[in-house]
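Coordinate-derived values only; no laboratory data. What you see is a predicted model, and the numbers here were worked out from it, not measured in a lab. Glycine gets a Cβ as well: all are built from the backbone with ideal geometry, and neighbour counts include every protein chain shown.
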Amino acid sequence: FEPCGLNQLYALRYGTIPVVRTTGGLKDTVKDIGEKGGFGIRHEHVSVDDVALAITRANKLYNDTAEFKRIRKEIMKIDNSWENSAQEYIELYNLI
């Protein structure tokens, strides 16, 4: 069990649209395509119905070639490096 990990971030970097359960860090790092600016597919429950719905949504997106390509291009631009976090820490430490 690993409620976050890095696989969803690797997926984004290489243009794979993540399908994740809405839990832990996955909830924090993957925004659902149903939301403005969304780039992944999230499901809430560990159930056959929820997973099947997520797969159906992924298949529908895949078949919408233009939207699928647009999202793939956008997610590869997301910066998940430590550079921004490091800069925020520096700014925070400078306030002390």
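Couple of notes before you dig in:
- Some residue of region 17-35 being touching a residue at least 40 places away in the same chain (Cβ under 8 Å) and not in a helix (DSSP H, G or I): yes
- Residues that are under 16 Å from the mean Cα position of the chain (by Cα) and more than 22 Å from D28 (Cβ to Cβ), drawn from region 42-61: I55
- Residue in region 39-69 that is surrounded by the fewest Cβ atoms within 10 Å (Cβ to Cβ), counting only those that are among the aromatic types (F, W, Y) and part of a helix (DSSP H, G or I): Y62
- Filter result for G5 (surrounded by fewer than 11 Cβ atoms within 10 Å (Cβ to Cβ) and at positive phi): no
- Pairs with Cβ under 8 Å, 6+ apart, first in region 50-61 and free of Cβ contacts under 8 Å to residues at least 40 places away in the same chain, second of a type in the set (D, E): D50/E44
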